[in-house]
Amino acid sequence: MNVLATVPGWVALTIGALVLAGALLVCIGSVGLLRLDSFYRRVHAPTLGTTLGMYLVLVGTIVFFWAGEGRPALHVILIGVCVTVTTPISLMLLARAALERDRREGAAGIPAANPPETGADGGE
Amino acid sequence: MGIAASAAGPEALAWIVRMMPYGWISTAILLLPFTVALATPLIGRGNRRRTTWLMTGTAGVCLVLATLLFPAIADGEVLRQTFAWAPGLGLEFTLRVDGLTWLFLILVSGIGLLVGIYATYYMPPEYPLVRFFSLLLGFMGAMLGIVLSGNVIQLVFFWELTSLFSFLLIGYWHHGKSARDAARTALIVTVTGGLCLLAGVLVLAHITGSYDVDAILAAGGRIRASPLYLPALVLILLGAFTKSAQVPFHFWLPQAMSAPTPVSAYLHSATMVKAGVFLLLRFWPVLAGTEPWFWIVGGVGLATMLVGAWAATFQHDMKAILAYSTISHLGLITMLAGLGSTLGVVAAIFHTVNHATFKASMFMAVGAVDHETGTRDLRRLGGLRHVMPITATLAVIAGAAMAGVPLLNGFLSKEMFFAVALGANHGLVLDTLTVLVAVAAAALGVTYSLRLVGGAFFGPLRHDYPREPHEPPRWMRFPIGILALACLAVGIFPAWVVGPLLRAAALSVLGPQLPPYNLALWHGLTMPMLMSVIAFVAGCVLYVLGRRRIAARDDAPLIGWTSALHGFERVLAFLTTTLPDLQQRVFPSRKLQVQLLLVVLLAGVFGFLAVQPPPAPVAMHGMHVDPAFALLWLLGIACAIGAATQAKFQRMAALILTAGTGLVVCITFVWLSAPDLAVTQLVVESITTVLLLLGLRWLPKRIRELAPLSPVARYHRVRDAVVAIGIGVGLASLAYAVMNHLVADSASRFYLEQALPGGGGRNVVNVILVDFRAMDTLGEITVLSVVALTVFALLWRFRPAAESIGAPRARGSTPGQAEPHTDRDPRAWADQLAIPGFLILLIAPVIALFALHLFLRGHDLPGGGFVAGISVTMTLIVLYMAAGARWVEARLKVAPARWIGAGLLLAIASGLAAVVLGDPFLTAYHGHWTLPVLGDVPYNSALLFDFGVFAVVSGASALMLVVLAHQSLRRVVPAPDAVRDAGEAES
């Protein structure tokens, strides 16, 4: 924690605000995951954390290292890219799996599968 | 050779002896066969001619090199060449050449050369020569290793190696059940004997305090006086007797005749079975001369000689006659060594050489008959001298030598044997018995030789052979001719031909006690001569009077009812069936759970005993717990407990919770400044989760309507809970004890200080793994390879249990696998996953790049071969998930077993490179190169080793992954249409 002690106060405040805001978004997403009622709704809630929340924390991190060690920690951006690419994959796979199961079990309110010719529907 | 040496002037000889690099010659003799054996499959594949040249060339070079050694050992000197092996244990790799060794070197390489030529024409063209000659060369190297060993541990190593090669060669025609059984029997008998020998030489080493043969040979008096003499003697003799097929261990040798005839000629008459004799002679100076030696060795030799000769007389298969005859002659040699007289040793050595020549040629002649007529049964053979005159002549010479006819070498050693038997002085009854048995065995030898040669080559020519016989090819007759010529030459001019050789060999065993003996054809009308005549006449009479009756019998009279082989099989059945059954009745352990419980309880008991009395706890001083860290751990603990509670019905959830605990551990490592461990933990955690997910689908479905719990089941649950809690408490207290145990001066400081100057790396963990403790790592990756191959072997033919065939549909199957389900259109399934699949394909190369990054920076920063290997597997997993196993394997050559092999070889090769450069095994080199553009570039040879680790780890994990992934391909047998559709969808 001594890095924060060496930087100017407003920088430390900025870093704190960024990280805390990010953490708050993750927290909201988690609460949503807990409280929303159907799977298809719940699957969206954590994305709050994996997108904006994550970006805020990342920016905080970059500023932290920039101010503390005097070098731009740009490789942190790589984390952002990776998370951004991988999150939708797991999301889509989860949604597909849920849809597949619901269709097999004949759950109510599920749209019928599209005929193969039209290709994948990106609606979910 | 010997002649040349004696003809040259003494000065010239001394000069030659001084100038020759003898130590390196013996090293070359040992290394050459092994090297060529390894190279033969690479060089000789598909080319019989080249393969033959490799075999005969190697044997020839070894023969020439061995010949060169003779002047240096002709007068009883000993040549030694020593390499450091395990100096800390007092072990040195020593090559030791003396007269006896030299004689065996010549026998092994010389007969190896002749057998190589013979086998080229004998082996049917449809069998690959490469494998045969490769094994034969490997055997030759092992046999040369036995006789060259100057260290008893080394001797036992090569001894067991010959047993292994013998196993592989007997089972060469492995489609035949008889060959497989024979190979197994021979392996069990000789390897068990080898283990006894190991125990025996360890006792010897314990008495003398040295593993060195010369040191042991110098401590004869101390050994014979030791109370441990008898156990050592019995153990060593068990080794010698099993190898040399002495009663009651002789049964493996006749069975081993299922091997191709060149193998019988080489291993089972001329060389390998002589290893036991070699051992007796090698340790004769220290072990012989006592009452137990006389009774055991002499008695067993006598019995073997008689039983072998008697059984040989009543066989009908030509090779069986030769096998029993070999047993009989080996018994004769053993008995000569056992009588304890020095002349007996000379006779034993002499007969070893003679027997090797005439028996090998006899085997090859029988092989020629078999090759030409298609049968070896004496009752179906006859008159072959009309169609195979040259072979017949050679067989007559060899057979006459076997029978001990004058002018041939067999006669001379038999005379010497009679002289020894007459000279024995152990009381009237024993002496008479020895002489009588000697004459009887000699007479039977005459009879079976007559049966063998007369039955096959004489009498009227038959026309009902399976094949039309004619003279075998010239080069097939050549080796038989050479050996027959040797029989004649030794028989007519013994002093001139074998005199110097025999003297050198006998001198090396007996030293100054060398008795006077006279190698001459004619000794005058002596008692041995009379015995020879009696034996010869008796043998001929027995043949003339008894041959019809013998031909009508199926087994040998008197001993036909006993069978050592049946006894052996009964023992084997007891050990492999009855005993385990009994054990299972005592410990009800057919169930895996019970076995597991027993193992765990035993481990717990021993673990508990190990910490008695408990070490005094060290006071925990000033422990400061960060609240965030505590929270993290609460989370981890919650995950672990959640996993445990969910494991019964919600396996998927339990698995995810376990992964959560793993992540907490991972963050803990980061927290405690161990980034290396954190990276490794992260990757291992991911791959474990995926592999478990793949395995999850094969667990049975939940049965919802369970019967109420019976009292027994309730008891089981309570018991299991107690065991589980006990294990948890035990592990926790173990961890607590370890963390509070202050190590006064651990090795870690050394590693921390020396990593950069000594190992050239800043990542201490990696430097320890690939440099300081590279030997440990080598062991670990070997174990990993074994485990991966075992998993593969267990799973690749695995069919899931019936109750999991209709596996849970969505749950359990990894959703990403675009495998076709039978009940829906596969194309739709693939289409639905098109976008995530595409994204995954984009990510895969990034992961691969990351793996490369981890690998390259490993020596200085967190990373290294291990974690890089697992990361590569992650790439593969991701590809399999995105596109399915078929798609990936159609585009990528996934050959994990090769990665494993290549990785192990590379790791070993990088270690051996240091040996070549004169440093200990696995030494790493590091330094800096200054390159034109890049400037200062560090290099480190440990990177090669690390690459080996990388290849093994990635190969091992990929192998397990692939075999699990293929389960899903094999799960259902789809209708032909579905297969075609799937193929189209994926192409």
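The values are calculated or read from the model by the stated rules, or taken from the named source; none is laboratory data. Values in this document were obtained by computation on a predicted structure and should not be read as measured data. Glycine gets a Cβ as well: all are built from the backbone with ideal geometry, and neighbour counts include every protein chain shown.
Quick look at the values:
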item	result
Qualifying helices (runs of 4 or more DSSP H) (wholly inside the range B:694-789; at least 3 residues being loosely packed, with under 13 Cβ neighbours inside 10 Å)	B:711-739, B:748-759
Search result, residues across the range B:50-70 that are surrounded by 20 or more Cβ atoms within 10 Å (Cβ to Cβ) and either among the aromatic types (Phe, Trp, Tyr) or assigned to a loop (DSSP other than H, G, I, E, B) (or both)	B:Phe70
B:Thr101 being over 15 Å from B:Gly57 (Cα atoms), in a strand (DSSP E or B), hydroxyl-bearing (Ser, Thr, Tyr) and touching a residue at least 12 places away in the same chain (Cβ under 8 Å)	no
Which listed residue, of B:Arg131, B:Arg96, B:Arg180, is out of contact with any strand residue (DSSP E or B) (no Cβ under 6 Å at 6 or more places or on another chain), more than 27 Å from B:Asn47 (Cα to Cα) and basic (Lys, Arg)	B:Arg180
Any hit, the range B:90-112, residues being touching a His at 6+ places or on another chain (Cβ under 9 Å) and crowded, with 18+ Cβ neighbours inside 10 Å	no
Count - residues of the range A:78-97 that are over 18 Å from B:Ala844 (Cβ atoms), surrounded by 14 or more Cβ atoms within 10 Å (Cβ to Cβ) and more than 8 Å from every other protein chain (Cβ to nearest Cβ)	3
Residue among A:Arg71, A:Arg41 that alone is under 27 Å from B:Leu849 (Cβ atoms) and either in contact with a Gly (Cβ under 6 Å, 6 or more places away or on another chain) or free of Cβ contacts under 8 Å to residues at least 24 places away in the same chain (or both)	A:Arg71
Flag if A:Gly32 is free of Cβ contacts under 8 Å to residues at least 60 places away in the same chain, over 30 Å from A:Arg103 (Cα atoms) and small (Gly, Ala, Ser)	no
Test: B:Phe139 is in contact with a strand residue (DSSP E or B) (Cβ under 8 Å, 6 or more places away or on another chain), surrounded by 19 or more Cβ atoms within 10 Å (Cβ to Cβ) and not hydroxyl-bearing (Ser, Thr, Tyr)	no
Within the range A:31-50, considering residues that are part of a helix (DSSP H, G or I) and within 11 Å of the chain's Cα centre (by Cα), the one surrounded by the most Cβ atoms within 10 Å (Cβ to Cβ)	A:Gly49
The range B:157-176 - residue that is among the aliphatic types (A, V, I, L, M) and in contact (Cβ under 8 Å) with a residue 60 or more places away in the chain and, of those, surrounded by the fewest Cβ atoms within 10 Å (Cβ to Cβ)	B:Leu169
Some residue of the range B:508-515 being β-branched (Val, Ile, Thr) and buried (at least 20 other Cβ atoms within 10 Å of the Cβ)	yes
Of all residues making up the range A:54-96, the number that are assigned to a helix (DSSP H, G or I) and under 20 Å from the mean Cα position of the chain (by Cα)	30
Boolean, A:Val59 is surrounded by 14 or more Cβ atoms within 10 Å (Cβ to Cβ) and within 20 Å of A:Cys82 (Cα to Cα)	yes
Residues of the range B:933-951 classified as among the charged types (D, E, K, R) and at pLDDT 75 or above, total	1
Positions within the range B:35-49 being surrounded by fewer than 13 Cβ atoms within 10 Å (Cβ to Cβ) and among the basic types (Lys, Arg), in sequence order	B:Arg49
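Yes/no per residue for (1) in a helix (DSSP H, G or I); (2) outside the structural domain of B:Val435 (by TED's automatic domain parsing); (3) of a type in the set (Lys, Arg):
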position	(1), (2), (3)
B:Lys359	yes, no, yes
B:Val366	yes, no, no
B:Glu372	yes, no, no
B:Thr391	yes, no, no
B:Ala395	yes, no, no
B:Ala398	yes, no, no
B:Val405	no, no, no
B:Leu412	yes, no, no
B:Glu415	yes, no, no
